[in-house]
Structure formats: structure tokens, C-alpha cells
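Let me begin by presenting the structure, written as C-alpha cells, before commenting on it.
Coordinate-derived values only; no laboratory data. Since the model is a prediction, treat every value here as computed from it, not as a measurement. Because the Cβ atoms are built from the backbone with ideal geometry, glycine has one as well, and the counts that use them run over all protein chains shown.
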Amino acid sequence: MSKLLEIALGLVTGIGGFLEAGSLATSAQAGAAFGFQLIWAIVLGTICIAFLVEMAGRLAAVSKHTLPDAMRERFGVRFFTVPLVAVWLLLWAHNFSLVEKGVSLLGLVTLVFIVGAFKLHTPLNEIGTHLLPSLPHQDGARYWFTAVSIIGASVSPYLFYFYSAGAIEDHWDESYLGVNRLTAGLGMGFGGSIAVAVLACAAMVFHSRGIQIDRYEQIPLLLAEPLGHWGFILFVASLGIACLGAALEIALQIAYLIAQGFGWKWGENLKPREAARFSLIYTVMIFLAGLVIFTGIDPLKLTIFSMALTALSLPVTVVPLLILMNDPLYLGDNGNHWIANAAVLFISLLACIVAIVAIPLQLMGGS
């Protein structure tokens, strides 16, 4: 029964962890600008993050190491600083549930996007047609930039870094490998389905009228049309929960990353005085994150651009994990199958290459 509960909570966490502000914003912009055409990018990102989350959980359950801890031990502190810097530059835009499951439970309100897509009579054949990649009909630079932003929002490094820490805190062992596979596959799958629903709502409400999404204030109309006043309220609730999750996740994840990477005492269940450096890090992060509010930068543009940068950095964060997952010293007989290696490496390199081309074109306004 305890493992069934773990699976159920894992599915909820998958929904709350996957669909955060970055995924919501990129999916909404994609639907408004290109209709259903970029559904394939959500599918690709969902497949990749499911593999990565499963790997991170398996590494923790078998080796009793979190991902940063294993990287420090396997590659040394100097190598560890490379992904640390990469994640540090990107973490500000990401979201997470209230210390693992609390905000995820509240985040179930995001299921309302599926209800909205249903009430808008979204044509299922359009969704099915665009599950595979297709070339853009216009504005190629923005199309590919939006595609890599979606993948970057889906394959967020913090998600599998934090997942490995959670597995250690919950005392997983090899008996949890089945739970881990179900949680990773079904949880990320549900989260991806809601992202598709967001894109579908945007396609039906905005793209059909030739309206672009340029500000966060426009996005509530996704649900206001199919669900009226309650749709607006539910969207505001969804965004508020996402922001609360963001404040918690950014601070806690960077504290995990630094403490585990440098071998300090850490744990969300410890009292602050028992893990003083860990507690100090997330306290400082909360303060620094608050400073961003006062910069005056457009939050929607900054979110979309940071998601594209996440895609650009994927090889830096993914390759060390793949090396660890194929190391018998850590995994024994539970190492990666070649299919998992090939899928994750292909998607990560593809997203990185497309980002290298698309980001400069988007900045220059080219097509």
C-alpha cells in the first residue's frame, strides 16, 4: 500500500512539477502563434524528461547518491562547478511544488486546462496530425525559437536534480525501481498532456483570431472564454500556485545543488541549525530572487528566452548523468539500456543545435 501511495503522490508531483510558469507560457505562446503545429515539441520534451527523471530516481535508489553528490564524487569538485554555473543561470525562471507535494496537490487545479480544451471542442485530429515535427509555414526563426523554448521548459534540469534528492530523503532502495518507472513515465506524461491542453486552448482562442500573446495578462483569456468568470479565477489560482512553487523551488533547489555538490550537510527535514550552510543558501536565494521584481524586465519575454537558454545548456547537464547511468560502480546491473542513452542524447543535442541557430535569428528579428 505504501508503494501505491508513493505512485499516486508521484503522479500528482509530476503534474505540479512539469507544468510550471515556463511550460504554461511557452505552450500558450506556441498555440497562439502557430496553432497546433508545435505539439511535437511538447511530446519530445516530455519523452526526454521522463527518461531523465527515471534515471535520476534509479541512480538514487541503487547507489544511494543524489545526482550532484555522484557528480562530485565521480568527476571531482572542479567538474561539478560546470553544471552548477549552468543551472544557476537558469534556475530563476523555474517552478516547483510546495516542498515536493504540497503545492503539487494544489496544482491539480491545472487540470482545468483539459476541461477548457474539451469545452472549446478542440479537434482531436489536429492534435494527432502534429504529434510529429513539421516545417513552419511562416516566421521560421520564431517557430524554431518557440520550439526550443518548449523543450527547455519541459526538460528542466532542476526537476531531475530535485527528484534524486527526494528519493534519498524518502529512503528509496532497489525495491522502488518499479515505483520510480511508473512515477517518471505516468507523472511526466500527465504533465505533458496538460501542456498540450494549454497549447490547444491558445490555438482555439487566440490563433483562430490572429491574436498573438505578448503579455502574461492576456493568458487568462485561455480559460475565460470556455469557462467564463470561473475560468479567469481558476487561471489566476493556477498562476499564483505556480509562482508560490517557483519561490520555494528556486531557493531550495540551488541549496540542494550547492550543498550536495560540495559535500555539506543538507536536508529539508533538518532544522536550520542542523544544516546551517544549507539553510543560509536558500535564505539568500529568496532575497536575491526578490530583487528581480524590481528590474522592470518584461517577465513573459524573459521567461521564454530563459527556456531557450535551458535547451542550449542541456548537453552540459545531461551528459554527466548519462556517464553515471552507465557506470557499474554506481548502478551495478541496473545501468542504462542503449535506447535510453540514445533517446536522451539525441533530443538534448537536437535542442542544443536548434537553439544555437534559432536564438541569434530571433534576437536579430530574422526569419
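Using a 7 Å offset from the Cα along the Cα-to-Cβ direction at both Arg74 and Tyr216, what is the distance between the two label points in nm, to one decimal?
In this crude spin-label approximation the distance works out to 3.7 nm.
Please turn the phi angles of the range 164-175 into ³J(HN,Hα) values with the Karplus equation 6.51 cos²θ - 1.76 cosθ + 1.60 (θ = phi - 60°), one per residue in order, whole Hz, x for glycine and proline.
5, 5, x, 5, 5, 5, 8, 6, 5, 9, 5, 5
Cα-based Rg of the range 164-232 per 2.2 N^0.38 Å, rounded to two decimals?
Rg over 2.2 N^0.38 Å, computed on Cα atoms: 1.69.
Considering the options Gly191, Ile213, His171, tell which one lies farthest towards the positive end of the dipole of the range 167-221, charges being +1 on Lys and Arg and -1 on Asp and Glu at the Cβ, about the Cα centre.
Highest projection toward the positive end goes to Ile213.
Could the peptides 273-283, 153-163 be put in order, highest first, of the mean number of other beta-carbon atoms found within 10 Å of their residues?
153-163, 273-283
Testing the spin-label approximation: label points 7 Å from Cα along Cα→Cβ at Lys265 and Asp173. State their distance in nm.
Modelled inter-label distance: 2.6 nm.
Quote to one decimal, in nm, the extra length available between Glu126 and Asn334 on full extension: 0.36 nm per residue of separation minus the C-alpha distance between them.
So the extension gain works out to 70.9 nm.
Relative to the present Cα-Cα distance, how much length would full extension add between Phe346 and Leu302 at 0.36 nm per residue of separation?
Net length gain for the segment: 13.2 nm.
Could you calculate the contour length gain from Asn326 to Leu363, that is, 0.36 nm times the residue separation minus the distance between their Cα atoms, to one decimal place in nm?
Roughly 9.5 nm would be gained on extension.
Once R0 is set to 30 Å, what does the formula 1/(1 + (r/R0)^6) return for the Cβ-Cβ distance between Val316 and Gln138, expressed as a FRET efficiency to the nearest 0.05?
Between Val316 and Gln138 the formula returns 0.35.
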